[in-house]
1. Helices (runs of 4 or more DSSP H) wholly in the range 50-103 with at least 1 residues that are surrounded by fewer than 16 Cβ atoms within 10 Å (Cβ to Cβ) and at pLDDT below 85 - which ones?
2. Check the range 140-159 and report whether any residue there is surrounded by 13 or more Cβ atoms within 10 Å (Cβ to Cβ), free of Cβ contacts under 8 Å to residues at least 12 places away in the same chain and either touching an Asp or Glu at 6+ places or on another chain (Cβ under 6 Å) or not in a strand (DSSP E or B) (or both).
3. How many of the residues making up the range 231-249 are of a type in the set (S, T, Y) and surrounded by 15 or more Cβ atoms within 10 Å (Cβ to Cβ)?
4. Within the range 250-263, how many residues are closer than 19 Å to V154 by Cα and exposed (fewer than 15 other Cβ atoms within 10 Å of the Cβ)?
5. So in the range 240-288, with the set limited to residues that are among the charged types (D, E, K, R) and modelled with pLDDT under 65, which one is farthest from V195 (Cα to Cα)?
6. What residue, of R100, R131, is among the basic types (K, R) and closer than 16 Å to P44 by Cβ?
7. Return the only residue of T341, T321 being closer than 25 Å to L431 by Cβ and touching a residue at least 40 places away in the same chain (Cβ under 8 Å).
8. In the range 160-192, which residue that is assigned to a loop (DSSP other than H, G, I, E, B) and of a type in the set (D, E) is surrounded by the most Cβ atoms within 10 Å (Cβ to Cβ)?
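The values are calculated or read from the model by the stated rules, or taken from the named source; none is laboratory data. None of the values given here were measured: they were computed from a predicted structure. Heads up, the Cβs are rebuilt from the backbone with ideal geometry, glycines too, and the neighbour counts pull from every protein chain shown.
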Amino acid sequence: MADSANIIEEENEGLPRRLVVAVLNAVYCTNVAALDELLNSLHPADVADLLEQIDQRDRATLLFLWRDGIDGEILSELGDDLRSEVIDLLGPSELADAVRDLQSDDVVDLVEDLGVNQQEQVLDALDAGNRVAVEKALAYPDESAGRLMQTEVVRAPFSWTVGEAIDFLRASDNLPEQFYHVILVNPSMKPVGYVTLGRLLGTPRTIHLTELTEDSFRTFNVDQDEGDIAYAFNQYHLISAPVVDRNDRLVGVITIDDAMIVLDDEHDEDILRLAGVDADSSLTDRVIATTKRRFPWLAVNLVTAILASFIISLFENTISTLVALAVLMPIVASMGGNAGTQSLTVAVRSIATKDLTEANVWRVIRREVLVGLLNGAIFAVIMGTVGWVWFDSPILGLVIAIAMVINMMVAGLAGTGIPVLLEKMGVDPALGSCAFVTTVTDVVGFFAFLGLATVMLL
């Protein structure tokens, strides 16, 4: 049997179907040796992907056979619902082995979305010191720096020299597995700067640490929102940053890997919410859970669709007199909806990255309206000609041309204005913006097209 790492390298596609089939065959044959050979060489993220790709029954059998295989890193890579399912399938001793070597921030990430009983299972598996650190982190608000930080910190008095710091690091038996900076603190345990390991190791022993501090140094408060922290890491190219309590004393550190996970999660949430899908949705969700999560925004879409249909009903006599209107009016609404979605996507992303602010919002809205005007004018000529030739009516061509321009301009205005307005109201601009923009472009498109037709054709 080919080694799993070689299969991935040969096919160069993440998690090849051939590997999944080989694992399932080993499960069906209860071949523990084959499972060990296939799974032990996989990266934890690949094992998590594999568990997501197989069904619940096969997952349970695999975990029963591969009893010592699941570790904390694999649990950290799983989605919330699947992680909860896997923890239920593990025995207390297996769970203890899995989480024992995790750093505090990884344990917090692992347990914060679990039920109370499962949280207790994980906490019981920790030694006393780690349990206290995790429970303290869980007391901080959701999505805050206190939840994101790890409490394992490498610190040194700011009065030390390079030699003293190196001797301390060599003698220490409790260093984190990975760290990037030595954080300098004053006698009150307040961080005053940090030194990278590269500069520390490349500098003579007699130099004071304060001479090596980085200009990028900044601290975050335990209550600060993790989204703002992820933005700062990305904006200022941070590698790690200390976290302080309400008295500015050092309590932890946030590293770039955790910050980037937050940034990726926020981008994923925006994409899902633009489609009216709950941000916690995944391919492993149960049917009932998925139905409940999608129902609310489908209900909103139904209401907005009824509103658009009501606008159409106002012009029932016009449509019955000229059937060609029924053929052409979906084109006006569809073009407006697509144009609005384009503007909306750019606006939501710009708000998330803090590129769209009060200082430039009107300039951006004006630009989107002008883009809508120009695109509308181009497509107005095309559809005006199509309407004229198709139905042998130049006036009908003029009606759809004017309606196209109006709706495309409104699409640019709504696509940018609605997410900005929602953000002002304290609502996530990605949540529901698409439904509102589509409603505006449908209503305006139908009203403009049918209203102009009523005035100019009847």
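1. By residue number, 80-89, 92-99.
2. Of all residues in the range 140-159, those surrounded by 13 or more Cβ atoms within 10 Å (Cβ to Cβ) come to 140-141, 143-158.
Imposing the further condition that a residue be free of Cβ contacts under 8 Å to residues at least 12 places away in the same chain reduces the set to none.
Checking the range 140-159: not a single residue is surrounded by 13 or more Cβ atoms within 10 Å (Cβ to Cβ), free of Cβ contacts under 8 Å to residues at least 12 places away in the same chain and either touching an Asp or Glu at 6+ places or on another chain (Cβ under 6 Å) or not in a strand (DSSP E or B) (or both).
3. Of the residues in the range 231-249, 2 are of a type in the set (S, T, Y) and surrounded by 15 or more Cβ atoms within 10 Å (Cβ to Cβ).
4. The first filter runs over the range 250-263 and keeps only residues closer than 19 Å to V154 by Cα, leaving 250-259.
Checking which are exposed (fewer than 15 other Cβ atoms within 10 Å of the Cβ) leaves us with 257.
Within the range 250-263, residues that are closer than 19 Å to V154 by Cα and exposed (fewer than 15 other Cβ atoms within 10 Å of the Cβ) number 1.
5. So the residue we want is D285.
6. Values: R131 fails: closer than 16 Å to P44 by Cβ.
From the options R100, R131, the qualifying one is R100.
7. Details: T321 fails: closer than 25 Å to L431 by Cβ.
Going through T341, T321 in turn, just one is closer than 25 Å to L431 by Cβ and touching a residue at least 40 places away in the same chain (Cβ under 8 Å): T341.
8. Our first condition is that a residue be assigned to a loop (DSSP other than H, G, I, E, B); within the range 160-192, this holds for 160, 172-180, 186-190.
Checking the rest, the ones that are also of a type in the set (D, E) come to 173, 177.
Values: D173: 4, E177: 8.
Taking the candidates together, the pick is E177.
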